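Engineer: Dumping the structure here so I can ask a few things about it.
The values are calculated or read from the model by the stated rules, or taken from the named source; none is laboratory data. From a predicted model like this one, the values you see are computed outputs, not experimental measurements. Here the Cβ positions follow ideal geometry from the backbone for every residue, glycine too, while neighbour counts run over all protein chains shown.
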Amino acid sequence: MQTTQIMQAINQLPISKRFFVVEETIKSIKKEEMKHRMESAAEALYNDYATDKNLTAFTTLDFEHFYETK
């Protein structure tokens, strides 16, 4: 389907449905952008975490049992 056909189909919808389409489209774009930012940040910091043991010092506790005091 071409962009013009999509726009024509959307314009034929009632206003409430058009708002729904716009809202869902914006949510999708924001989600994709956030995913891209997170991937970029992870890639940028990968070497730091791979080589700097101070950044991963507490991972030795990952398999320790945690008991909450009451």
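Engineer: Determine if region 51-65 includes at least one residue that is outside any helix (DSSP H, G or I), free of Cβ contacts under 8 Å to residues at least 60 places away in the same chain and within 27 Å of the chain's Cα centre (by Cα). Steps first, answer last, please.
Structural biologist: First pass over region 51-65, keeping only residues outside any helix (DSSP H, G or I): 52, 62-65.
Those left that are additionally free of Cβ contacts under 8 Å to residues at least 60 places away in the same chain: 52, 62-65.
After this cut, where a residue has to be within 27 Å of the chain's Cα centre (by Cα) as well, the list is 52, 62.
Yes.
Engineer: Now for a separate question. Scan Lys70, Lys35 and give me the residue that is without any contact (Cβ under 8 Å) to a residue 40 or more places away in the chain and outside any loop (DSSP other than H, G, I, E, B).
Structural biologist: Working: Lys70 fails: outside any loop (DSSP other than H, G, I, E, B).
From the options Lys70, Lys35, the qualifying one is Lys35.
Engineer: Another question, if that's okay. Among what's in region 51-70 and is of a type in the set (A, V, I, L, M, F, W, C) and loosely packed, with under 10 Cβ neighbours inside 10 Å, pick the residue that is modelled with the lowest pLDDT.
Structural biologist: My answer is Phe66.
Engineer: Related question: Kindly provide the set of residues from region 14-28 that are more than 10 Å from the chain's Cα centre (by Cα) and surrounded by 10 or more Cβ atoms within 10 Å (Cβ to Cβ), ordered by number.
Structural biologist: Within region 14-28, Lys17, Arg18, Phe19, Phe20, Val21, Val22, Glu23, Glu24, Thr25, Ile26, Lys27 meet the criteria.
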